[in-house]
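The values are calculated or read from the model by the stated rules, or taken from the named source; none is laboratory data. A quick note: this is a predicted structure, and the numbers were derived from the prediction, not measured. Positions of Cβ are backbone-derived with ideal geometry, glycine not excepted, and every protein chain shown enters the neighbour counts. Accessible surface is based on the protein model in full, side chains and every heavy atom, while ligands, DNA and RNA are left aside. Shrake-Rupley method; radii C 1.70, N 1.55, O 1.52, S 1.80 Å.
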Amino acid sequence: MIRTEICELLQIKYPILQGGMAWVATSELAAAVSNAGGLGIIGAGNAPGEVIKKEIEKIKQLTDKPFGVNIMFLSPFVDEIIELVYRERVPVVTTGAGNPGKYIPKLKERDIKVIPVVPSVALAKKMEHIGADAVIAEGTEAGGHIGELTTMALVPQIADVVKIPVIAAGGIGDARGFISALALGAKGVQMGTIFVCSEECTVHENYKNAVIKAGDRSTVITGRSTGHPVRMIKNKLYREFDKLEKSGASVEEIEKLGAGRLRLACIEGDVDMGSVMAGQISGLIKEIKPVKEIIENIIAECDSVISRLNYLARGEKHD
Ligand code: TUI
């Protein structure tokens, strides 16, 4: 069984984190992942403190294993979520869509493990310097708000220059991706899209089915002109974004079109005019499974991936 320093750092069985996706990563999903031996993470997204407080109370009922909260830095409630995770002594905090630098010393006071998502080498170095426990190197294959570099290019460049463990994210959905990430120098992986397609995920079934139906070229990037590019499944909303962006509309107008769209897809199940954020790995996902099965299958498949690599390394033919 694969164990890395991430297992010790986070006190988990497998070095697998579940992405803290806004509206998607509820306490139910996160508890299922933690109970299955990974690290479940509640996505705070744009929610206020009182909503996330309830989610933290709920997950504590559902699991006695470690869990995390993801803080999304475009949220107006960042300060109150920081206060909340500090007071509640949430074991792990991941961050996305911004630089958590000024909050790291406070979280470290409570021995909260802080793991920022970084889209570049420069930010990874900075996060290590100010006390991050690990970094998540997320490639542009990921769903939602993304950076420019691919996982394949980003992970080894970060692994070469930081001493803290690197967790790879973006485009990982099976044992082949998991082992590849380890080969690139990562000590663990974070996956999001595959957990959207789990039984325990509470998003509307239309959202899950849109991911299941998606093929390799179904995801597209919107919002480049706003400075917040987002990967989502191509739909009517995408075509409206595209038209608006090409018409030279202002950032305000484009952001107005985007407001409330993730909620619309996740909760109302409107997959035409909602934002169905998902990664490029969508085409690999064919069915909805229980979280435990998703994780156990990946772990079980690792042996055959490694044995195939061993055959190749010995110059023998395989399959
Ligand atoms: O954060 C994510 N994925 C997300 S956030 C989100 S909510 C949203 N909705 C609409 C528009 C924008 C966001 C949906 N998906 N992934 C982690 C991630 N972090 N990707 C990229 C980054 C990132 C970008 C810039 C992290 C740090 C950063 O720093 C810039 C700086 O200040 O140095």
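Here are the numbers:
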item	result
Filtered residue count, the range 100-119, keeping only those that are part of a loop (DSSP other than H, G, I, E, B) and open to solvent by 40 Å² or more (accessible area, probe 1.4 Å)	3
Subset of the range 259-281 (residues that are out of contact with any strand residue (DSSP E or B) (no Cβ under 6 Å at 6 or more places or on another chain) and crowded, with 20+ Cβ neighbours inside 10 Å)	Arg261, Leu262, Leu264, Ala265, Cys266, Asp270, Val271, Gly274, Gly279, Ile281
Wholly within the range 135-216, helices (runs of 4 or more DSSP H) carrying at least 2 residues that are basic (Lys, Arg), in contact with a strand residue (DSSP E or B) (Cβ under 9 Å, 6 or more places away or on another chain) and away from the ligand (no atom under 16 Å from the Cβ)	205-213
Candidate set from the range 243-256 (those that are open to solvent by 30 Å² or more (accessible area, probe 1.4 Å) and either under 24 Å from Val24 (Cβ atoms) or among the aromatic types (Phe, Trp, Tyr) (or both)); member that is farthest from the ligand (Cβ to nearest atom)	Lys256
Residue in the range 85-92 that is under 29 Å from Thr219 (Cβ atoms), under 16 Å from the mean Cα position of the chain (by Cα) and outside the structural domain of Val211 (by TED's automatic domain parsing) present	yes
Check on Ile295, surrounded by 14 or more Cβ atoms within 10 Å (Cβ to Cβ), in contact with a Gly (Cβ under 7 Å, 6 or more places away or on another chain) and over 29 Å from Leu74 (Cβ atoms)	yes
Residue in the range 158-178 that is under 12 Å from the mean Cα position of the chain (by Cα) and open to solvent by 30 Å² or more (accessible area, probe 1.4 Å) present	yes
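Rundown of residues vs (1) of a type outside the set (S, T, N, Q); (2) closer than 30 Å to Ile12 by Cβ; (3) in contact with an Asp or Glu (Cβ under 9 Å, 6 or more places away or on another chain); (4) in the same structural domain as Ala30 (by TED's automatic domain parsing), yes/no style:
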residue	(1), (2), (3), (4)
Phe241	yes, no, no, no
Gly248	yes, no, no, no
Ser275	no, no, no, no
Ile306	yes, yes, no, yes
